[in-house]
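Derivation of every value follows stated rules applied to the coordinates shown; laboratory data play no part. Everything numeric here is computed off the predicted structure, so don't read it as measured data. Don't worry about glycine lacking a Cβ; one is built from the backbone with ideal geometry, like all the others, and counts go over all protein chains shown.
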Amino acid sequence: MSLSTHLPGTPGAGAVAGDGGVTGAVAGDGGATGAVAGDDGADGGVHDVVVVGGGPRGVALVERLTARHEGPHPLSVALVDAVEVGAGATWRTDQTPHFLNNTYAAHTTVYPDDSTPMDGPVTPGPDLVAWAASREVPPDRPAWVAEELRGLRPWSFPSRRLQGVYFREQLAAVVARGRVELSEVVGTVVDVAADGLVRVVRLADGRTLRARVVVLAQGMVQGRRSGRTRAFVGAAAAHGLVYVEPGMPAERDWSVLPASEDVLVAGLGANFFDVVAQLTAGRGGRFVAGSSPFDLTYLPSGREPHLLVGSRRGLPYRSKSFYGGLPPRYVPRIATPDWFETAARVPEQDFASCIWPQLARELALAHLATLRERRPAAVRATSDGELVARLAGVPLEDLTGVVRELADPEWWIDVSRLDRPDVVRPDGAEWDAWVDGWRAAELDSITRPLLSPRAAVNRAFAALRVQVGRLVSAGAIDAGSVATDIQGWFDALGLALASGPPPERTAQLLALVEAGVVELVGEQMTVTVEDGAFVARSAVRGRVHRARAFAETRMSKGHVDITGDPLLRSLVDSGRARLHSRPTPDGRSVTLRSLDVSADRFLLLDAAGDADERVVVLGIPAGDVQPGSAIGATPGTPSPLLAGADRAAAHALELVRPHVLVG
């Protein structure tokens, strides 16, 4: 299988132009060209397996099929993706190098090891770091890969396109085992229908694929336009404004944003850092290092906009830290593994009242214990044991008060506002002074992580949220609380504290703030259209910002209830699929936002609850039944993504084996 025959089209396709419309076909919206590598079997014979979604989940599934299949004839597998088979939308290899992964290079693999519980055999293969170190270079590898691999370390943050090349080359490697015949199909799937024991996969361009088993492995599907977005699109068209709507950064045209003008930006999550890099360094600006690699000065090109940025939180995601290696493991002393083990045995708890208080105490301890190590005089406790004794059991409503008793004022924290400014309703001067302090704290977190209370809290949260996921899997959290608390605010808090950008990205942002290229608008930012312009306001008193350009850098996350994915819409709207629901202790039922699938084999359930044994759903669209499957696979760490792929492969082989045995 050639990995260079059918790469996707021009980077930036699908940008929203100044008239509020779409200037190019969005790969994945039905506008795909339908290029096919090899014989795709369209309108022809029956494949054993058709996989919808050609990103890492699809690659992992093909790997598991090759690991498990022992028949005399290879499996016929079609791998379908709307953007790029092997890489998918997130990791497409034609995107700008300015878009980075936010996890370490050492934390990426598509191969399971003994840490992942599964029935299938463990098969060897390189993780991303081992792949990068290999001297074997396929002849069709893009020329830019060598430059990006130079200097890559386990603690580096590779570009997304580089990670896409890794996924594509691993797909080629597992196909080379000879146990599958793979057809690559580029196109958008719009429906899967039953035809006896065969499932018919329909593409937007009219082609069809027939399969004995279909596996949906779509990953992060996008949401359809909200009423709010439609209103902004209409306003931009009516007033000649520039509006870039939410979506994947690689599918938006950032060149439409004007140089040397104010541009409002809403959304300060992972996408935000990518977009800022594209609008500054991507337009010829340069970062110059001072006394350290993270002490940066920005030299503008004159082509960058003046970015006025904000969100509900008002702050960008907290930065990851630079350790000169992989970060040390955080060891909890209040919310311990034993405490979580006990909590997991109690069913249907309310997260906010039963679980969160203990986590909040642990976060306060992480802050104070690190502060005591760095500045003993700033903490009124002589040992970590004394801190544990003071914090353990403190009611949540008293926790902030206890922190204030234990620490000097400049080191106070409020665990209810870790992702928000600790000034409320400031005036302009107060806000500017606070932003200066925020810049210093972020730089300190990057460069002195083992002595930074801020970095300690981030590391603690990363450890605790893994345990929370296990409580949800164990049924220890009431379904209503899962929807209201876990999905309502806790997951977002975890992203803000523990899923932040690479340290070099934040260092660049801090330099841009200092240079005046980026200006933080403040908490609770709102944007309206008034008198033919976009207008932003926030909790900062007395400041109003007007601009003719507005970009939303938030991801249009496609929860199944609001997704614009044509296949999922077709299945749900026709009753061939339904949303997952869970009972509550009071006898009610809470409907969640992902597909309902069977708990054992992840089979698609229809509106009546009947399973289609020939349609399996993996990953994010069925995330409430497969918690943790949204997270990429890390070597040496149990992976729900890989465990799910192994389970799906086993089920598929059970159904197709009689056909494979006879050829």
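Quick look at the values:
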{"quantity": "Label-to-label distance, nm, for residues given as THR484 and ARG417 (7 Å Cα→Cβ offset)", "calculated": "2.4"}
{"quantity": "The chain: relative contact order in percent, alpha carbon pairs under 8 Å with at least 6 residues between", "calculated": "21"}
{"quantity": "Volume of the Cα convex hull of the chain, divided per residue and given in Å³", "calculated": "157"}
{"quantity": "ARG153 paired with ALA440, simple spin-label distance in nm, labels 7 Å along Cα-to-beta-carbon", "calculated": "2.8"}
{"quantity": "Full-extension gain in nm, ALA433 to SER581, via 0.36 nm per residue minus C-alpha separation", "calculated": "48.6 nm"}
{"quantity": "Linear extension gain, ARG546 paired with ALA193, 0.36 nm per residue minus alpha-carbon span", "calculated": "122.1 nm"}
{"quantity": "Highest-first arrangement of 163-175, 282-294, where packing means the average Cβ count within 10 Å", "calculated": "163-175, 282-294"}
{"quantity": "Simple label model, 7 Å out from Cα along Cβ direction - ARG230 to VAL331, nm", "calculated": "5.7"}
{"quantity": "Most to least packed among 328-339, 561-572 [average Cβ atoms within 10 Å]", "calculated": "561-572, 328-339"}
{"quantity": "Environment charge of PRO300, counting only residues whose C-beta is closer than 11 Å and scoring Lys/Arg +1, Asp/Glu -1", "calculated": "+2"}
{"quantity": "Formal net charge of residues neighbouring THR116 (Cβ-Cβ distance under 12 Å; K, R +1; D, E -1)", "calculated": "-2"}
{"quantity": "Cα-based shape type of the range 547-591, given that a ≥ b ≥ c are square roots of the gyration tensor eigenvalues and the cut on a/c is 1.5", "calculated": "oblate"}
{"quantity": "Relative contact order (%) - the range 317-406, alpha-carbon pairs under 8 angstrom, separation at least six", "calculated": "29"}
{"quantity": "Positive minus negative residues near ALA289 (Lys, Arg vs Asp, Glu; Cβ under 11 Å)", "calculated": "-1"}
{"quantity": "Among 625-632, 253-260, the order from most to least packed when residues are scored by Cβ within 10 Å on average", "calculated": "625-632, 253-260"}
{"quantity": "Derived scalar couplings ³J(HN,Hα) [the range 163-169; Karplus, 6.51 cos²θ - 1.76 cosθ + 1.60; whole Hz; x for Gly, Pro]", "calculated": "5, x, 5, 4, 4, 5, 5"}
{"quantity": "Gained length - SER292 relative to GLU613, 0.36 nm times residue gap less alpha-carbon distance", "calculated": "109.8 nm"}
{"quantity": "Convex hull per residue volume in Å³, alpha carbons only, for the range 173-279", "calculated": "183"}
